[in-house]
Amino acid sequence: MRAWQNGRFERNRISGVYHPFTPAHAAESLQSIDIQELWNRGKRLLLLDVDNTLVQWHADACSDEVAEWVGRAKAAGFEICIISNTTQHDRLAKIAASIGATTVRGRFKPSRSMFRLALRKFGRKPDEAIMIGDQLITDVLGANRSRIEAIWVRRLEGKEFKGTSINRKMERLLTGPIYQALVTPVDEQSDAPEIERAKPFAQKTLVHQMVKFAIVGGSSFVIDYGFTYLFMKVVPYNGELLSIHLGNYLQHNLPVIFSYAKGPEKAALPVLGALASFFAMTNSAFMNRAWTFEVKGKAERTKQIRRFYLVSILGQCINIGVATALYNVVGNDHLLIAKVMGAAVGAVWNFIGSRVYAFRGHV
């Protein structure tokens, strides 16, 4: 990823696949954002991301500087709402209470769900709100899809969620073309030569769709891995982990099927992984239809979604099969590696199946 740059973006300079990921502004940090300037432009509702924007990942308290900035924003009359993909609801509530903010819950960003909930909750129009976050693929994309202006802030230093690290790698494909729209002092001079609109490499429809499909797949992978991790490592049942309880049941009652598993946790992975994959599959179905393949209208929507689920179910069988096989080889500490490899093999199948079967006639 190229060096960080602050400034205002002229979004009309960017077209094609990169446009939805282009923010209105880039800022060094939350507290460097000019509160009065936002107010003067008619903004009244601040939508804030949590991890790496308000606080470091896993932290449950803001820095004094961030708390002071939020306090000044509230004193100026702004309403504050946190919208975050975190599944740690108690921690989120604690952070929100410490700065006097409201939270909303909905489908994970970049879904429009949480953005729309926040607008309804505060009775605001999209042009009265502004999203502030550190990720192009969740915060900026979700805001742009909801017609809300977005400020992209430099992430706070420190460790971060492994799924977020994957998003960062995909952001590297976006930042070069996006920075073509960054307005510098030279750009704003009246006699400055016109900057040619960025010409992304994804001019051909196939490559264009592959990039979009990869981005949707990245967001779905975060959902898939997040739920898998919760089911395998966090969710309790009858005084033990759900994965251990389920795995013992499967090995005891279905030994022929699950005899391969080296322990109850490994036996539970295909079942709990399939459940997590269903949530990710639903996200992919609707985002790929509306954005990747740009299918308009309601005609044949049900049939297309059915075909997409069929392709995805077969893809998930491939995904889970590869992940399960690797998990039994690489051991308990390498769940992420197994999931990444399974997802990669499944993704190739899913793209081909979606393009030539699920959404045929629209590509």
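Summarised as an ellipsoid, the stretch 205-285 has semi-axes of 32, 14, 8 Å, derived from the eigenvalues of the Cα gyration tensor scaled by 5 and square-rooted, with the largest first.
Taking the inverse of the mean reciprocal distance over all distinct Cα pairs, the Kirkwood hydrodynamic radius of the stretch 220-363 comes to 16.0 Å.
Computing the accessible area with a 1.4 Å probe over protein heavy atoms, can you report the carbon and sulfur percentage for the chain? Exposed carbon and sulfur together represent 57 percent of the surface. Percentage of Cα-Cα pair distances in the stretch 211-254 greater than 16 Å, rounded to whole percent? Cα-Cα pairs of the stretch 211-254 separated by over 16 Å account for 52 percent. Start at zero, step by 20 Å, and the Cα-Cα distances of the chain spread as 27, 54, 18, 1 percent across the bins. Compared with the alpha-carbon gap, the fully stretched path from VAL234 to ARG147 is longer by 27.7 nm at 0.36 nm per residue. Distance from the Cα centroid of the stretch 279-307 to that of the stretch 67-144 is 27 Å (rounded to whole angstrom).
Taking 0.36 nm per residue of separation and subtracting the Cα-Cα distance, full extension of the segment from SER32 to ALA274 would add 82.8 nm.
Amide H contacts of THR103: ILE82, each under 5 Å away and 5 or more positions distant or on a separate chain (H built 1.01 Å from N in the peptide plane; Pro and chain starts excluded). Here is the list for the stretch 257-363: trypsin sites (Lys or Arg not before Pro) lying in DSSP coil, each with at most 10 other C-beta atoms within 10 angstrom of its C-beta, are LYS296, LYS298.
Each of the peptides 122-129, 249-256 was scored by the mean count of other Cβ atoms within 10 Å over its residues; in descending order, highest first, they stand as 122-129, 249-256. Counted residue by residue at 0.36 nm each, then reduced by the alpha carbon distance between them, the extension gain from CYS317 to ARG172 reaches 49.2 nm. When the alpha carbon gyration tensor of the stretch 1-67 is reduced to an equivalent ellipsoid, its three semi-axes come out at 24, 17, 12 angstrom, largest first.
Extending 7 Å from the Cα toward the beta-carbon at both LYS94 and LYS125 defines two label points whose distance is 4.1 nm. State log₁₀ I(q)/I(0) for the stretch 260-313 at q = 0.15, 0.18, 0.29 Å⁻¹ as given by the Debye formula over alpha-carbon point scatterers of equal weight, solvent excluded. Cα-only, vacuum Debye calculation for the stretch 260-313: -0.52, -0.64, -1.11.
The values are calculated or read from the model by the stated rules, or taken from the named source; none is laboratory data. All of these numbers come straight from a predicted model, not from anything done at the bench. Heads up, the Cβs are rebuilt from the backbone with ideal geometry, glycines too, and the neighbour counts pull from every protein chain shown. Note: areas computed on protein heavy atoms with side chains; ligands, DNA, RNA excluded. Shrake-Rupley method; radii C 1.70, N 1.55, O 1.52, S 1.80 Å.
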